[in-house]
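This report refers to the structure that appears directly beneath it.
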Amino acid sequence: MTATTLPSTDWDAFVTALDGIEVIRDAVQVAKLSRDYYTYSPILQTLLSDKVGDLVVRPVNEAEVLKVAKACVQFKVPLTIRGAGTGNYGQCVPLKGGVILDLTRMQTVKWVKPGLACVEPGVKLVNLDKQTREMGWEIRMAPSTYRTATVGGFIGGGSGGIGSITYGQLRDRGNLHAVRVVTMEDEPRVIELRGDDVQKVNHAYGTNGIITELEIPLGPAYPWAELIVTFPDFMTAARFGQVLGDSDGIIKKLICICASPISNYFAALRSSIPTDSHCALLMIAEPCLEPFGELVREFGGTICYQKSAQEASKGVAIAEFSWNHTTLHARSVDPTLTYLQTLFPYDPDLKLLEHMYHHFGDEVMMHLEFIRVSSCVVPAALQIVRFSTPERLQEIIRYHEDSGAFIANPHTYILEDGGRKTIDPVQLQFKEMVDPYGLLNPGKMKAWEQSH
Ligand code: FAD
């Protein structure tokens with residue numbers, strides 16, 4: 001059964017039990033910290049807009065997290081963990097009220113050594129990257145929200161991003177080394193998970209443990225040039241993306257391909273990209289620009305924007321037009337737009353992609369992010385969709401699935417109904433041990449809801 005905050009909860013006594021840990025009770029602030037970016041989905045807007053926590057608690061270290069966990073278990077109140085709240089599927093929206101555990105004050109980078117960093121969960125990705133780059137290393141991958149998102153939130157709710165063209169996704173073995181997790185037992189404790197055991201809590205929406213420390217692998221830092229290349233038609237742009245992805249000798253961090261008219265939504269780039277272009281947004285290691293230029297020529301592309309790594313460190317960042325920032329810019333012009341998340345099967349000829357592009361035309365505008373999946377380069381798509389009705393959206397999803405494309409549905413807050421599709425017995429088993437009362441982010445893990 002899903003844990004729900006009882007109307008009889010004595011919140012004054014609860015706060016007293018916290019013994020001085022920072023608490024926010026102001027209704028406006030609590031409502032603000034109960035939201036994330038679920039508003040990109042018209043389906044989730046309807047389901048989540050009235051969901052709100054009872055109060056927000058802001059611990060500064062693991063010892064305080066243990067105290068909060070103990071109080072929540074004692075008072076049997078739900079606890080929903082929050083990083084920066086940039087998740088897209090209502091991941092940190094409290095469905096059953098209770099405590100919002102805001103971890104943004106836990107910002108210590110504990111150590112950095114070649115190839116590995118150890119951090120508290122509230123460290124912003126951008127700050128970790130800045131620190132590791134001073135030693136010649138960088139975070140392997142980041143969401144386009146890297147300037148605000150936290151490391152804990154990326155592991156709890158993210159999947160991959162800028163850098164995934166080289167390193168794959170967060171779920172791939174080796175992309176998360178170790179975590180410390182606080183449990184919600186009668187006597188909360190800290191468990192350390194290393195190696196494959198990290199999958200027990202990786203991308204679990206904070207339903208089965210509070211991550212209080214993470215060991216994150218790093219990659220060698222490159223000076224990244226930022227470029228935009230236009231192509232005469234979309235499929236040439238897409239094929240260029242595939243070949244660039246497959247070009248092992250050209251080091252890259254981002255291959256984002258946008259069909260026309262998507263780039264028309266990029267207000268800050270309007271003077272750089274000709275109207276109605278099919279274009280590629282790219283981050284290329286500076287030493288590789290010469291062979292890269294040859295590839296562009298081979299595909300008949302035109303470079304319309306180029307910044308050196310040094311220039312790119314200031315002003316507009318191309319990464320902030322990629323991944324789900326593409327949707328953000330489109331929605332800032334037309335808020336009725338929504339999106340899909342699709343993984344196309346490996347096929348260097350891109351046949352299914354080409355079919356979908358022509359089949360849906362302007363209703364499903366093609367936006368690709370090339371990523372590495374099991375050592376093959378494939379297009380992941382975050383298509384921008386002209387929303388009409390929930391039924392039509394479902395029809396579009398079904399058509400993709402029936403044709404062999406994988407949809408990670410961004411219109412559900414249920415963990416298993418998004419990208420995973422199946423119940424994860426390892427995560428369920430771990431939840432049964434560490435959260436026996438089902439207090440962590442209740443209502444999100446289907447496996448638990450169905451079996452309790
Ligand atoms: P939150 O939203 O606060 O939390 C995310 C989930 O993790 C929640 O379920 C929360 O309960 C859980 N959680 C948070 N901290 C912990 C913890 N310490 N222990 C256990 N669970 C925890 N995502 C991508 O993967 N790639 C992208 O490129 C990308 N681009 C985006 C672009 C835009 C414009 C937007 C709005 C979102 C995008 N996202 C993307 C989604 C989101 O920004 C990222 O997943 C981000 O890393 C989440 O970090 P956060 O700190 O905001 O986490």
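The values are calculated or read from the model by the stated rules, or taken from the named source; none is laboratory data. Predicted, not measured: the structure shown is a model, and the values here were computed from it. So basically every Cβ, Gly included, is an ideal-geometry build from the backbone, and we count neighbours across all protein chains shown. Remember, those area values only see protein heavy atoms, side chains included, never the ligands or the DNA or RNA. Shrake-Rupley method; radii C 1.70, N 1.55, O 1.52, S 1.80 Å.
Heavy atoms of the protein chains alone define the surface here; on that basis the range 109-220 has 36 Å² accessible area per residue at 1.4 Å probe size. Heavy atoms only, probe 1.4 Å: what % of the accessible area of the range 363-440 goes to carbon and sulfur, would you let me know? Carbon with sulfur: 54 percent of the solvent-accessible area. Where both bridge residues fall in the chain, DSSP classifies roughly 90% of the beta bridges as antiparallel. The fraction of all Cα pairs in the range 340-417 landing in successive 5 Å bins from 0 to the largest distance is 3, 15, 27, 28, 16, 8, 3, 0, given as whole percents. When each of the peptides 414-422, 141-149, 272-280 is scored by the mean number of other C-beta atoms lying within 10 Å of its residues, the order from highest to lowest reads 141-149, 272-280, 414-422.
A cut-off of 5 Å between modelled amide H atoms, ignoring neighbours fewer than 5 places along the same chain, links Ala408 with Gln341, Thr342, Leu343. By the Cα gyration tensor, the range 224-407 has an equivalent ellipsoid whose semi-axes, rounded to whole angstrom, run 26, 20, 13 from largest to smallest.
Dipole size of the chain about its Cα centre, with +1 on Lys/Arg Cβ and -1 on Asp/Glu Cβ: approximately 560 debye, rounded to the nearest 20. By the Stokes-Einstein formula, at 0.890 mPa s and 25 °C, the range 165-248 with its Kirkwood radius over alpha-carbon pairs has D equal to 151 µm²/s. Calculate for the chain the 222 nm mean residue ellipticity that helices alone would give, adding -39,500 (n - 2.57) per DSSP H run of length 4 or more and normalising by residue count, nearest 500 deg cm²/dmol. So the helix-based figure for the chain works out to -8000 deg cm²/dmol.
Accessible surface computed residue by residue for the range 224-407, with neighbouring protein chains in place and a 1.4 Å probe, gives 40 Å² per residue.
Average projection, convex hull of the Cα set of the range 109-220: 6.3 square nanometres.
Close amide H contacts of Tyr305 (hydrogens built in the peptide plane, cut-off under 5 Å, sequence separation of 5 or more or a different chain): Ile228. Rounded to whole numbers, the Karplus 3J(HN,Hα) couplings from phi for the range 262-277 are 4, 5, 5, 7, 8, 3, 6, 10, 4, 6, 9, 9, x, 4, 6, 7 Hz, using 6.51 cos²θ - 1.76 cosθ + 1.60 with θ = phi - 60°, and x at Gly and Pro.
Ranking Val229, Gly195, Ser8 by how far each Cα lies toward the positive end of the dipole of the chain (charges on Cβ) leaves Ser8 at the top. Here the chain is treated as a Stokes sphere of Kirkwood radius computed over C-alpha pairs; at 25 °C and 0.890 mPa s its diffusion coefficient rounds to 109 µm²/s.
What the phi angles of the range 50-61 give under the Karplus curve with 6.51, -1.76 and 1.60, with θ = phi - 60°, is a coupling list of 9, 8, 8, x, 8, 7, 10, 10, 10, x, 10, 7 Hz, glycine and proline written as x.
Seen against the Cα atoms of the chain and their longest principal axis, helix 425-434 is set at about 30 degrees. So what are the ³J(HN,Hα) numbers for the range 118-133, from phi and the Karplus equation (6.51, -1.76, 1.60; θ = phi - 60°), rounded to whole Hz, Gly and Pro as x? Those phi angles translate into 10, 9, 7, x, x, 5, 6, 4, 4, 6, 4, 4, 4, 5, 6, 4 Hz. Could you work out the per residue convex hull volume over the alpha carbons of the range 11-102, in cubic angstrom? Hull volume over Cα atoms, normalised by residue count, gives 85 Å³. When the solvent-accessible area of the range 57-118 is split by element, carbon and sulfur atoms take up 48 percent of it, the probe being 1.4 Å.
Please report the base-10 log of the normalised intensity I(q)/I(0) for the range 306-364, using a Debye sum with one equal scatterer per alpha carbon and no solvent, at each q in 0.22, 0.27 (1/Å). Normalising to I(0) and taking log10 leaves -0.97, -1.08.
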